[in-house]
Structure formats: C-alpha cells, structure tokens
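**Student:** Pasting a structure below so you can have a look.
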Amino acid sequence: MAHFIADEIERLLDGGGTRMIIGNNEERRPLNSGDICVLVKARTKVELIERLLDERGIPHLFYKKRGLYRSAEA
C-alpha cells in the first residue's frame with residue numbers, strides 16, 4: 001500500500017500540467033504537495049511511506065495531533 005500511495009502522489013503532482021479546482025473558489029491551479037494528506041492509524045506505517053516519498057523528492061512532514069481522527073476532515 002505504501003508503494004501505491006507514493007506512486008499515486010507522484011502521479012498527481014506530475015499531472016502533466018493538469019489544473020484542478022482547489023478550495024472554495026473556482027480558480028484552477030496545479031495540485032501541489034501541500035494539498036495532499038495521508039492518514040495512517042499506526043506510527044509503524046509512517047517510516048516506509050516517508051522513505052518512498054523521500055526517494056521521489058516529494059516534500060512531506062509527519063504530524064501527530066491528539067483527536068485528529070475525530071476531525072471532520074478525517
């Protein structure tokens with residue numbers, strides 16, 4: 001699954017100039033890494049995903065917030 005996640009993010013970011021509507025306005029712009037979030041339930045799953053994103057040069061960060069999975073976005 002980690003390989004699929006990294007491959008799909010890479011595909012979306014490369015997108016061949018595809019422009020998407022991001023946010024509440026109707027303006028189209030290219031997708032960027034800050035538009036993507038990967039939720040994982042176990043910290044043990046993070047290391048492989050991070051390594052694969054590093055190999056592809058995709059910027060990322062790991063953020064753990066108490067109650068994150070109770071948010072509307074999750």
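Just so you know, all these numbers are worked out from the coordinates, no wet-lab data involved. Keep in mind that this is a model prediction, so the values were computed, not measured.
**Student:** Kirkwood Rh over Cα pairs of the chain into Stokes-Einstein at 25 °C, 0.890 mPa s: D in µm²/s? Before the final figure, lay out the partial values.
**Tutor:** Details: Rh = 13.8 Å.
D, rounded to a whole number, is 178 µm²/s.
**Student:** Between Leu31 and residues 5 or more places away or on another chain, which pairs have amide H atoms under 5 Å apart, with H built 1.01 Å from N, and which residues are they?
**Tutor:** For Leu31, whose amide H was placed from the backbone, the distant partners under 5 Å are Met20.
**Student:** Ok, one more. When a/c reaches 1.5 or more, the comparison of a/b and b/c decides; with that in mind, is the range 11-50 rounded, prolate or oblate per its Cα gyration tensor?
**Tutor:** Numbers: a/c = 5.01, a/b = 2.08, b/c = 2.41.
Here the range 11-50 falls in the oblate category.
**Student:** Counting pairs of alpha carbon atoms under 8 Å apart in space and at least six apart in sequence, what relative contact order in percent does the chain give? Each step should come with its number before you reach the end.
**Tutor:** On the way: 43 pairs, mean separation 22.0, N = 74.
With pairs under 8 Å counted, the relative contact order is 30 percent.
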